[in-house]
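The structure appears below as structure tokens.
The values are calculated or read from the model by the stated rules, or taken from the named source; none is laboratory data. Being a predicted model, the structure only gives us computed values, none of them experimental. Reconstructed Cβ throughout: ideal geometry from the backbone, glycine too, with neighbour counts over all protein chains shown.
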Number of protein chains: 4
Amino acid sequence: MPQDPGSTRIGRPRSEESRAAILDATWRLLKTTTLRDLSIEAIARESGVGKTTIYRWWPSKVAVVIDAFLANALLATPYPERSSSIEAITQQMASLVQALSGEYGHILAQIIAEGQANPDALDSYRNHFVNHRRAEVKAIIQRGIENGEFTPGLDPDLAIDILYGPIYYRLLVGHLPLDQQFAKELPEWAMKALKPT
Amino acid sequence: MPQDPGSTRIGRPRSEESRAAILDATWRLLKTTTLRDLSIEAIARESGVGKTTIYRWWPSKVAVVIDAFLANALLATPYPERSSSIEAITQQMASLVQALSGEYGHILAQIIAEGQANPDALDSYRNHFVNHRRAEVKAIIQRGIENGEFTPGLDPDLAIDILYGPIYYRLLVGHLPLDQQFAKELPEWAMKALKPT
Amino acid sequence: MPQDPGSTRIGRPRSEESRAAILDATWRLLKTTTLRDLSIEAIARESGVGKTTIYRWWPSKVAVVIDAFLANALLATPYPERSSSIEAITQQMASLVQALSGEYGHILAQIIAEGQANPDALDSYRNHFVNHRRAEVKAIIQRGIENGEFTPGLDPDLAIDILYGPIYYRLLVGHLPLDQQFAKELPEWAMKALKPT
Amino acid sequence: MPQDPGSTRIGRPRSEESRAAILDATWRLLKTTTLRDLSIEAIARESGVGKTTIYRWWPSKVAVVIDAFLANALLATPYPERSSSIEAITQQMASLVQALSGEYGHILAQIIAEGQANPDALDSYRNHFVNHRRAEVKAIIQRGIENGEFTPGLDPDLAIDILYGPIYYRLLVGHLPLDQQFAKELPEWAMKALKPT
DNA sequence: CACTAAACGAGACGGTACGTCGAGTCTTGGA
DNA sequence: TCCAAGACTCGACGTACCGTCTCGTTTAGTG
């Protein structure tokens, strides 16, 4: 995911072909193994690329996987433009539950898991998947506070955790499914915590 | 009079000494490595025990770790006997946040992480750490519904996820700390979702 | 192969049943594995006997095997009573080649092989299979020297090596078979080295 | 013009340094242990080489040992150019007895022993140490038959076994030493079996 | 008939080595 | 300068036996 912006580099240029082959192979392999059991060796083998090439451009397995994820699965679930903050969030939460119930959820879970043994991986995850999203919803919540949908004095960070925490909890612990009913009821009930009495 | 089943086992009896040494060493090693980097080989080396002995009694690394966890950190955080369900839960949530903010939280996170690549581990985690706890709080919530503290029609499972999800979210994603403020505010706000309007 | 001759021992006497079971199992296993791959563990398993019992009565794997060999295969090939030394030896050599061409030869070879890494085993082999046989044939050769069949001044030890060495050479190196032709021609030709010119 | 096969191999070339270190360590270890007790693990440890590297280039322990043997002990004992076949063979036999009485004999014995449990090892032994030597002496014997030194109708294979069998017999069974006297007397006497009367 | 004492089966114990896999690094020739 | 190929050291995997040990049980003789 690197590289020298702007200047004209000398020597043989990076092979776009290899880059694509690596990300493709990674994505393909992730469908049949877990991130933990995925090996750089296997990626190199599967993509017909030298191990060195992978090590040259990515610092770690997770970095490759995150790139592969970004290349293959944008995981949009945008916040719809609505007059109401509550409606916008509710709708997005439902989309997210739906999205995470499948393959994407599985891989995201693997990335978070990897992050427990690997601070860089967790950092990377937060930078690519968390921070931007939280900023976005934080703005919407702020707006909700201002227009009276939410309790004044509400801490947006805490609010986000209350709304989204349950989703990741189920994703990672798996005690109950990320199903339609959950997608519908979670926003309904959790949102009550944010509304003024 | 009932006969103790399997009481008189033949052959050399299991060495309690070895068992303890293994769990001790595991716990000790977990403080300096991650579960993923912990190896059976290292446990054997550190505890002065043959690898065979470990494999004889535990099916996997995680199983040892869970036993070590249970032996070293009961992670009590019981629900205090209170007249009010809300008070009982509030208090326990605060204790839990406090407990998970340290070493125990770190190791629990590792176990959940391991579970993402290893269904048996996740199962084991749920059986040892989740199911019992959820049943307990479910009963308290039920009581709260009955005595009017909580909205009739509230799904206890969903309620639990709203209350505790944020804790595990922060534990695993680490975007914000499990600090005192969180321990105080989360129950206050999240509980609002459960109360009748 | 031990035990306290004469005195009346107290305590539970050695189990003849176990002894037989061990030798049987050993013999049975030797037909499908090599001596090297034969394990005490397997003998115990196969004979339904505790490992301890084997270690109590035999100092090593080879000792068991030699006992099993002696119990199951006396490997007679006696020297026939003949007027002529040459005829007696010739006949016995042919019998020996025949005997060693099959299962017994295979196992004897294994024992000699084991002996290369294990002086005790080689000693044991010589005591049980070599010394007595050599003494016997030495006497016959001596007689042959005296009655003029063999050259005066012939060293019986050297003579034995010339006669029998080729047999063990083929047995162990396996470059050529221990077949009927060899059984017939070896004595014919080798004997010429011993006769007076 | 024939193309050098495998000449321009790509990838990192094999490390001659490692190869030498492995053979050296093997040879060194063989002086203090037996082939049976020699472990690949120990060779790797002693030579400072990864186990993988050994397994990459040799299929088995014996293969390494044979290479180490060939590298360290060519065991020349050539047949001197002589007018007389008898003299040539006599001389070489004496050299061989001398050579096998020491370290080389010990290791050769180990290899033959290993061969009893391992057909590939025995094959390897024959290919590297036996076949060529036998062909050589066979030619000399043939010449001896033609020029009247040996009995017409003599089977060279049988002749070789009569001459050399006793040497290997003593080497492997160890009932008598491979000493100077044996080196002198064996050819004298055994040769008589081959000569015309 | 109780008592002693050795042998017995079962099986757990600390070890060593097995042959394999992947990690991350290094070293070639060719593009 | 990049790339593929592939060799390098290292360390862990889970398994098989080693020879020793500790049990409860069995089987005789002796008192």
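Looking at the structure I just gave you, is A:Ile107 in contact (Cβ under 8 Å) with a residue 40 or more places away in the chain, over 19 Å from the mean Cα position of the chain (by Cα), surrounded by 15 or more Cβ atoms within 10 Å (Cβ to Cβ) and more than 8 Å from chain B (Cβ to nearest Cβ)? Give the steps one after another, and end with the answer.
Working: in contact (Cβ under 8 Å) with a residue 40 or more places away in the chain: yes; over 19 Å from the mean Cα position of the chain (by Cα): no; surrounded by 15 or more Cβ atoms within 10 Å (Cβ to Cβ): yes; more than 8 Å from chain B (Cβ to nearest Cβ): yes.
Here the answer is no, as A:Ile107 does not meet what is asked.
Does C:Gln116 satisfy the condition of being buried (at least 17 other Cβ atoms within 10 Å of the Cβ), away from DNA strand F (no atom under 15 Å from the Cβ) and more than 13 Å from every other protein chain (Cβ to nearest Cβ)?
Values: buried (at least 17 other Cβ atoms within 10 Å of the Cβ): yes; away from DNA strand F (no atom under 15 Å from the Cβ): yes; more than 13 Å from every other protein chain (Cβ to nearest Cβ): no.
In short, no.
Give C:Gly165, C:Gly144, C:Gly115 a once-over and let me know the one that is modelled with pLDDT of 95 or more, in contact with a Gly (Cβ under 7 Å, 6 or more places away or on another chain) and part of a helix (DSSP H, G or I).
Details: C:Gly144 fails: in contact with a Gly (Cβ under 7 Å, 6 or more places away or on another chain); C:Gly115 fails: in contact with a Gly (Cβ under 7 Å, 6 or more places away or on another chain).
Unique residue meeting the criteria: C:Gly165.
Looking at the stretch D:153-166, is at least one residue away from chain C (no Cβ under 13 Å) and over 15 Å from C:Ala193 (Cβ atoms)?
Taking the stretch D:153-166 and keeping what is away from chain C (no Cβ under 13 Å), we get none.
Within the stretch D:153-166, not a single residue is away from chain C (no Cβ under 13 Å) and over 15 Å from C:Ala193 (Cβ atoms).
Mind listing whichever residues of the stretch B:167-181 are in contact (Cβ under 8 Å) with a residue 12 or more places away in the chain, farther than 21 Å from B:Leu194 by Cβ and crowded, with 19+ Cβ neighbours inside 10 Å?
Across the stretch B:167-181, the qualifying residues are B:Leu171, B:Leu172, B:Leu178.
Do you know which of the residues in the stretch D:31-60 that are in a loop (DSSP other than H, G, I, E, B), within 8 Å of DNA strand F (Cβ to nearest atom) and loosely packed, with under 12 Cβ neighbours inside 10 Å is nearest to the other protein chains (Cβ to nearest Cβ)?
Taking the stretch D:31-60 as the starting set, the residues that turn out to be in a loop (DSSP other than H, G, I, E, B) are D:31-39, D:48-50, D:58-60.
When the remaining residues are screened for being within 8 Å of DNA strand F (Cβ to nearest atom), the result is D:48-50.
Next cut, loosely packed, with under 12 Cβ neighbours inside 10 Å only: D:48, D:50.
Numbers: D:Gly48: 21, D:Gly50: 16 Å.
That would be D:Gly50.
For the stretch D:168-182: of the residues being hydrophobic (A, V, I, L, M, F, W, C) and assigned to a loop (DSSP other than H, G, I, E, B), which is farthest from the other protein chains (Cβ to nearest Cβ)? Before you say what the answer is, go through the steps one by one.
Of the stretch D:168-182, the ones hydrophobic (A, V, I, L, M, F, W, C) are D:171-173, D:176, D:178, D:182.
Filter once more, so that each one left must be assigned to a loop (DSSP other than H, G, I, E, B): D:176, D:178.
Values: D:Leu176: 6, D:Leu178: 11 Å.
By that ranking, first place goes to D:Leu178.
Can you name every residue in the stretch A:14-49 that is more than 21 Å from the chain's Cα centre (by Cα) and near DNA strand E (Cβ under 10 Å from one of its atoms)?
Scanning the stretch A:14-49 gives A:Ser15, A:Ser39, A:Ile40, A:Glu41, A:Ala42, A:Ile43, A:Ala44, A:Arg45.
Being modelled with pLDDT of 90 or more and in contact with a helix residue (DSSP H, G or I) (Cβ under 6 Å, 6 or more places away or on another chain) narrows it down to one residue among B:Glu87, B:Glu41, B:Glu46, B:Glu16; which is it?
Numbers: B:Glu87 fails: in contact with a helix residue (DSSP H, G or I) (Cβ under 6 Å, 6 or more places away or on another chain); B:Glu41 fails: in contact with a helix residue (DSSP H, G or I) (Cβ under 6 Å, 6 or more places away or on another chain); B:Glu16 fails: in contact with a helix residue (DSSP H, G or I) (Cβ under 6 Å, 6 or more places away or on another chain).
Testing whether each residue is modelled with pLDDT of 90 or more and in contact with a helix residue (DSSP H, G or I) (Cβ under 6 Å, 6 or more places away or on another chain) leaves just B:Glu46.
Looking at C:Gly11 and the list (1) within 16 Å of DNA strand F (Cβ to nearest atom); (2) outside any helix (DSSP H, G or I); (3) in contact (Cβ under 8 Å) with a residue 40 or more places away in the chain, which single condition is not satisfied?
It fails just one condition, (3).
Hey, D:Val65 hits all of (1) touching a residue at least 24 places away in the same chain (Cβ under 8 Å); (2) within 16 Å of DNA strand F (Cβ to nearest atom) but one; which does it fall short on?
Against the list (1) touching a residue at least 24 places away in the same chain (Cβ under 8 Å); (2) within 16 Å of DNA strand F (Cβ to nearest atom), D:Val65 comes up short only on (2).
Whether any residue in the stretch A:79-91 is basic (Lys, Arg) and either away from DNA strand E (no atom under 16 Å from the Cβ) or closer than 27 Å to A:Arg12 by Cβ (or both) is what I want to check. Lay out the reasoning, then the answer.
Taking the stretch A:79-91 as the starting set, the residues that turn out to be basic (Lys, Arg) are A:82.
Pick out the ones that are also either away from DNA strand E (no atom under 16 Å from the Cβ) or closer than 27 Å to A:Arg12 by Cβ (or both) and you get A:82.
Among the residues of the stretch A:79-91, at least one is basic (Lys, Arg) and either away from DNA strand E (no atom under 16 Å from the Cβ) or closer than 27 Å to A:Arg12 by Cβ (or both), which makes the answer yes.
Could you please let me know if D:Ser85 is hydroxyl-bearing (Ser, Thr, Tyr), away from DNA strand F (no atom under 11 Å from the Cβ) and more than 16 Å from the chain's Cα centre (by Cα)? Give the steps one after another, and end with the answer.
Values: hydroxyl-bearing (Ser, Thr, Tyr): yes; away from DNA strand F (no atom under 11 Å from the Cβ): yes; more than 16 Å from the chain's Cα centre (by Cα): yes.
Criteria met by D:Ser85.
What number goes with the only condition from (1) more than 28 Å from C:Pro177 (Cα to Cα); (2) without any contact (Cβ under 8 Å) to a residue 60 or more places away in the chain that C:Ala99 does not pass?
Only one criterion is unmet by C:Ala99, namely (1).
Take the conditions small (Gly, Ala, Ser) and surrounded by 14 or more Cβ atoms within 10 Å (Cβ to Cβ) and apply them to D:Ser83. Does it pass?
On the way: small (Gly, Ala, Ser): yes; surrounded by 14 or more Cβ atoms within 10 Å (Cβ to Cβ): no.
Considered against the rule, which asks whether it is small (Gly, Ala, Ser) and surrounded by 14 or more Cβ atoms within 10 Å (Cβ to Cβ), D:Ser83 comes out as no.
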